[in-house]
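Asks: Pasting a structure below so you can have a look.
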Amino acid sequence: MPLVRKSAGAQPATTATAAAVLEGLASSSEDIRWAAARAAADLPECAPALAAALPAESAPRVRTAMLTSLARRGDARSAAAILSLLRSDDASLRVAALDALRLMIHGTAELLPALLGDRDPDIRILSCELARALPGETATPLLCQLLRHEPEVNVCAAAVEVLAEAGQREALPVLAQCAARFPDEPFLCFAIQVAAERISSRPPHPRV
Amino acid sequence: MCDFLYRRTGMVFNETKRYYVARRVSERMTATGSGSFTSYFARLRTDAGNEIELFINAFTVNETYFYREDHQLHCLTANLLAERLRAGHRSTGLRIWCAPCSTGEEPYSVAMWLLENWPAVDEHEIEILGSDIDTVALQASAQGIFGKRALMRLSEPLVGKYFVPLQNERWQIIEELRQSVRFSQVNLIDPATTRPHGQFDVIFCRNVLIYFDDASRRVAAENLFENLLPGGFICLGHSESMSRISPLFDVRRFDDAIVYQRPDPRGTYGHA
């Protein structure tokens, strides 16, 4: 029979030390940086170095591993390290950062009020997307706060889209006010109408 | 309790699975003679009597059958293996990993499929490994005894060729085939258990990532990435998409299946 059965355990697993991880993160070898980025998730003392190395990392797969490790840490400090990538000119980097922040939504949540008030409307749009990962009862007041004063129609549209999916009834009057602020934006008024219908059709306290 | 299970396996059980969880905890409490949940949880946390392993075993789903999702097996012999061989630069034979393997149906299916459907099977050394987190399932895999339902998609000639009939509508995989497939324990979210298995040409990782949350899926994807040779392929279950889990892999569309590929920095995919 051509099928062969090999003996087990050809490659023993090794445990990385903090010193090796810190050295590895600065290596010129992509493979070593990948291994260091992955190992850093289990070494809290390496988190600052991991966060510091992330913005400069150019290899996509190493960046992915760094984002996963920071997301696994899940704290606000790790989230803050990833947030800087939301301002990148590289769309793939922004999406990767957004995906990672969604994974660590508990760490991201406390940063969201500031993000939703960021001076950059693109950041506010991406932040609305992050709010989608929150429970409806948490996302609704955050997005309502934004909608009350948001001057950019596209940001409002992003918030309305999330509310349509997860919003609670407290959002209904805020949505109506938003529509009244943008009477010349028919697409937004239509989106608000759809969102309001969906929210109204849900039970008063949906479990999200 | 669910958090305990999540941290060790990546499997997520929320409020909607309360009955499922409660029933299995109750079974383990009875099996261990624990008089209260508190005493059972203490036993679990201290891993008395290897309870963590037994507890995890109670939560795994081992319902499968031979030649399940055989379009991927078609793809394996029509496209994947030939491409792996064309890619060259190999120092070992072809390596195929079924993780998870449940009670063995999948790795034995791969073995039977290759023997029956791949003309080049005699020209290459092929290693098939089945791995699972459930140690009871692994024991059953090595034993290779199956009921009628597991064999429902196999023709009579195939059953006659690769199985020995036992009593009570049970069949056992022939000794020669059982000795050709190796089994081992693995926890897909723990690199300490995935790395020792080395790198493979093809990994079948079907219908397990659906039990993980997004964070655990990403960790599992990165572990599987390490376990693939550059240019190697991974096949997921029909309802699973690697593109939604991790950007590490390339999507490859073949006539019979969509599979995912670890990029090869040398660019030698061996595309036809």
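The values are calculated or read from the model by the stated rules, or taken from the named source; none is laboratory data. The structure presented is a predicted model; accordingly, all values stated were derived computationally and were not measured. Don't worry about glycine lacking a Cβ; one is built from the backbone with ideal geometry, like all the others, and counts go over all protein chains shown.
Asks: Any idea which of (1) surrounded by fewer than 20 Cβ atoms within 10 Å (Cβ to Cβ); (2) outside the structural domain of A:ALA191 (by TED's automatic domain parsing) is the one A:ARG132 doesn't satisfy?
Replies: A:ARG132 satisfies all of (1) surrounded by fewer than 20 Cβ atoms within 10 Å (Cβ to Cβ); (2) outside the structural domain of A:ALA191 (by TED's automatic domain parsing) except (2).
Asks: Looking only at the range B:218-265, which residues are outside any strand (DSSP E or B) and among the basic types (Lys, Arg)?
Replies: So in the range B:218-265, the residues outside any strand (DSSP E or B) come out as B:218-227, B:237-249, B:254-257, B:262-265.
Listed by number, the residues that qualify are B:ARG218, B:ARG244, B:ARG262.
Asks: Select, from A:ARG87, A:ARG77, the only residue that is in contact with a Pro (Cβ under 9 Å, 6 or more places away or on another chain), more than 14 Å from chain B (Cβ to nearest Cβ) and at pLDDT below 95. Steps first, answer last, please.
Replies: Numbers: A:ARG87 fails: in contact with a Pro (Cβ under 9 Å, 6 or more places away or on another chain).
Every option except A:ARG77 fails the conditions.
Asks: Further question: Test A:GLY107 against the stated conditions and say whether it is under 18 Å from A:SER69 (Cβ atoms) and either modelled with pLDDT under 90 or more than 12 Å from chain B (Cβ to nearest Cβ) (or both).
Replies: On the way: under 18 Å from A:SER69 (Cβ atoms): yes; either modelled with pLDDT under 90 or more than 12 Å from chain B (Cβ to nearest Cβ) (or both): yes.
In short, yes.
Asks: Looking only at the range A:177-206, how many residues end up being aliphatic (A, V, I, L, M) and more than 28 Å from the chain's Cα centre (by Cα)? Talk me through it step by step, then tell me what you get.
Replies: We begin by selecting, within the range A:177-206, every residue aliphatic (A, V, I, L, M); these are A:179-180, A:188, A:191-192, A:194-196, A:199.
Now restrict to residues that are more than 28 Å from the chain's Cα centre (by Cα): A:180.
The qualifying residues number 1.
Asks: Kindly list the number of the only condition in (1) surrounded by 13 or more Cβ atoms within 10 Å (Cβ to Cβ); (2) assigned to a helix (DSSP H, G or I); (3) among the hydroxyl-bearing types (Ser, Thr, Tyr) that fails for A:SER27.
Replies: Single failed check for A:SER27: (2).
Asks: Among B:ARG8, B:ARG24, B:ARG45, B:ARG28, which is the only one that is surrounded by 13 or more Cβ atoms within 10 Å (Cβ to Cβ), under 24 Å from B:PRO191 (Cβ atoms) and either touching a Cys at 6+ places or on another chain (Cβ under 8 Å) or not assigned by TED's automatic domain parsing to the domain that holds B:PRO191 (or both)? I'd like the intermediate steps shown before the answer.
Replies: Working: B:ARG24 fails: under 24 Å from B:PRO191 (Cβ atoms); B:ARG45 fails: surrounded by 13 or more Cβ atoms within 10 Å (Cβ to Cβ); B:ARG28 fails: under 24 Å from B:PRO191 (Cβ atoms).
Checking each option against the conditions leaves just B:ARG8.
Asks: Another question, then. Report yes if A:LEU93 is over 9 Å from the mean Cα position of the chain (by Cα) and either part of a helix (DSSP H, G or I) or not assigned by TED's automatic domain parsing to the domain that holds A:LEU70 (or both), otherwise no. Walk me through it before giving the result.
Replies: Working: over 9 Å from the mean Cα position of the chain (by Cα): yes; either part of a helix (DSSP H, G or I) or not assigned by TED's automatic domain parsing to the domain that holds A:LEU70 (or both): yes.
Spelling it out, A:LEU93 is indeed over 9 Å from the mean Cα position of the chain (by Cα) and either part of a helix (DSSP H, G or I) or not assigned by TED's automatic domain parsing to the domain that holds A:LEU70 (or both).
Asks: Shifting gears a bit: Among the residues of the range B:58-80, is any buried (at least 17 other Cβ atoms within 10 Å of the Cβ) and more than 30 Å from B:GLN172 (Cα to Cα)?
Replies: Yes.
Asks: Another one. Select from the range B:81-127 the residues that are in contact (Cβ under 8 Å) with a residue 60 or more places away in the chain, surrounded by fewer than 17 Cβ atoms within 10 Å (Cβ to Cβ) and part of a helix (DSSP H, G or I) and write down the one among them that is farthest from the other protein chains (Cβ to nearest Cβ).
Replies: B:ARG86
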